[in-house]
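Read-outs throughout are calculated quantities, based only on the coordinates presented, and are distinct from any laboratory measurement. None of these values were measured; they are calculated from a predicted model. For neighbour counting, all protein chains shown are included, and Cβ atoms are generated from backbone atoms with ideal geometry for every residue, glycine included.
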Amino acid sequence: MEFNNTRRLVKTKGYVDRLVKEAIEIKLHPNNINRDSRFMLIRVWQPLLEQIKNESNQEQ
């Protein structure tokens, strides 16, 4: 890990907003070191997250 080379992914105002955005990022980047599973997204999010992943892969 490069702790000197970090960046904020998103800025949020509330605790629940942060939990949702963190859960989305964890789903989009499954190879991570996160072990916090207190907040999980329901399956209805899966098609949207797959679309975002595919679009991101096409841009690279």
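State the extension gain, in nm to one decimal, for the chain segment bounded by Arg7 and Leu28, taking 0.36 nm per residue of separation less the distance between their alpha-carbons.
Answer, rounded to one decimal: 5.9 nm.
Which of the listed residues, Ile24, Ile52, Thr12, is farthest toward the dipole's positive end in the chain, when Lys, Arg count +1 and Asp, Glu count -1 at the beta-carbon?
Comparing the listed Cα positions along the dipole, Thr12 ranks first.
Which of [x] 66; [y] 46; [z] 41 is the computed percent of Cα pairs over 18 Å apart for the structure on display?
Given [x] 66; [y] 46; [z] 41, the calculated one carries the label [y].
In debye, nearest 20, what is the charge dipole magnitude of the chain about its Cα centre with +1 on Lys and Arg Cβ and -1 on Asp and Glu Cβ, if you could check?
With only Lys, Arg, Asp and Glu charged at Cβ, the dipole is about 280 debye.
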